[in-house]
1. What do you reckon, how do Asp393, Asp356 stack up by accessible area (1.4 Å probe), largest on top?
2. Can you give me the Kirkwood hydrodynamic radius for segment 39-183, using every pair of distinct Cα atoms, in Å to one decimal?
3. With all protein chains present, how much of the accessible area of segment 38-91 (probe radius 1.4 Å) comes from carbon and sulfur, to the nearest whole percent?
4. For segment 80-182, state which trypsin sites (Lys or Arg not before Pro) are in a DSSP loop and have at most 10 other beta carbons lying within 10 Å of their beta carbon.
5. Heavy-atom accessible area per residue, segment 318-397, 1.4 Å probe: how many Å²?
6. Can you pull out the chymotrypsin sites (Phe, Trp or Tyr not before Pro) in segment 110-156 whose DSSP state is coil and whose Cβ has at most 12 other Cβ atoms within 10 Å?
7. How large, in percent, is the carbon and sulfur part of the accessible surface of segment 302-359 at a probe radius of 1.4 Å?
8. Ignoring ligands, DNA and RNA, what percent of the 1.4 Å accessible area of segment 124-171 is carbon and sulfur?
Amino acid sequence: MTKLSRRQALMRAGQGLGAVALAGMLELDGVLPKAQAAAVNPLAPKPPHFPPKAKSVIWLHMHGAPATIDLFDYKPDLIRLAGQPVPDSFGKIELGTAGGRGPLLATKRTWKQYGQSGAWFSDWLPNLGQKADDLCFIKSKTEGSTHIICLYRCNTGALTAGRPSMGAWTLYGLGSANQDLPGFVVLTDNSGGIGEGRGVVGGVANWSSGFLPAVYQGTALRQGDSPILDLARPKAVGGDEQRATLDLLKNINQHHAGRYPTDDELEARIESYELAYRMQAAAPEAVDLSKESDATKKLYGLDDDVTTPYGTNLLRARRLVERGVRFIQVYSGQSSSWDAHHDIEQNHGMMSKIVDKPIAGLLTDLKSRGLLDTTLVVWTAEFGRTPYSQSGDGRAH
């Protein structure tokens, strides 16, 4: 048996990187069986450890942390004790935000029970309340008190940036069911007037692959008719010329990958170029809503300027699920738009209207197409909000 140093072992492993992209293409051409191709193509579909029910995830994140006690966590005692100090039984409460701790603040909403489950919803979520029997409520808590670290915690399980996100782990474990589209897609939001234009706090670390190979990181799509930047081939460049350029780049990257076998970004670059090439045909069709019926568009709220941006993202999420995308994360609001330290009535009143009808429409649409049984839809936020007031008319973290 020949003994190898660690350097020699890494170098030999690196020599096989070029086969990864080749294996993916051979699988698509039917030359290699899927099981054999999956052994070398990191994005090939992988068999799970047990028969799954869900095939895809649509993760709906309410950016900025809405107050569940004003939406679907009915607290009649809070209404009864409104205006009183926080009971001594709560002990010392560490404040992580400015504005102080005021008396208990009752919700001003009216409440109603829905469905056979009798789940409570406030009048801010009348459409989502109609889907009560399709929902499961999980009440939990987090650590930390700031948006960025709690958003990292929610997306990666850690309070600091650097670990793989849930979408990256999903893609790593199951592979991609569609080799012509990214397996992990992030849809950000520019609706509403709160925090507009500032993006998701913490940025790309929320959909990073962390220490996993870079091919598993999320692909962020923007709003508008062209959500993928620079995807179309320039008119002055022919198909054969583009293919030849990509082949040259692939050869150069494979050469350097052999010299630097521990740099997974080189392999990710090879795969991203090839994926972008395949996406030129598949991606525009996947996000094009022009062939959706008027009834479907209305279901998602695309007939209302308030709900159109978020509804567009959710309708695109459904289309991506239909085409085999594993994990789609959809953000409501930008830069903590749900963050109601002041005037929770105005803030949550607006933000709830933006999401209520589109989310209910998504659940209705998935169910009517037989997709709800195989799609896990998750509604979440980085943390909740306090039952006591802050600044008189808001709630703290």
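The values are calculated or read from the model by the stated rules, or taken from the named source; none is laboratory data. Everything numeric here is computed off the predicted structure, so don't read it as measured data. Don't worry about glycine lacking a Cβ; one is built from the backbone with ideal geometry, like all the others, and counts go over all protein chains shown. For accessibility, only protein heavy atoms count, side chains too; no ligands or nucleic acids. Shrake-Rupley method; radii C 1.70, N 1.55, O 1.52, S 1.80 Å.
1. Working: Asp393 70, Asp356 10 Å².
Result of the area sort, largest leading: Asp393, Asp356.
2. Its Kirkwood hydrodynamic radius stands at 19.3 Å.
3. Summing carbon and sulfur atoms, their accessible area is 62 percent of the total for segment 38-91.
4. Numbers: sites: Arg80, Lys92, Arg101, Lys108, Arg109, Lys112, Lys131, Lys139, Lys141, Arg153; in loops: Lys92, Arg101, Lys108, Arg109, Lys131, Lys139, Lys141.
Those satisfying the criteria are Lys92, Lys139, Lys141.
5. 30
6. Here the sparse-neighbourhood loop sites are Phe137.
7. 47
8. Here it works out to 55 percent.
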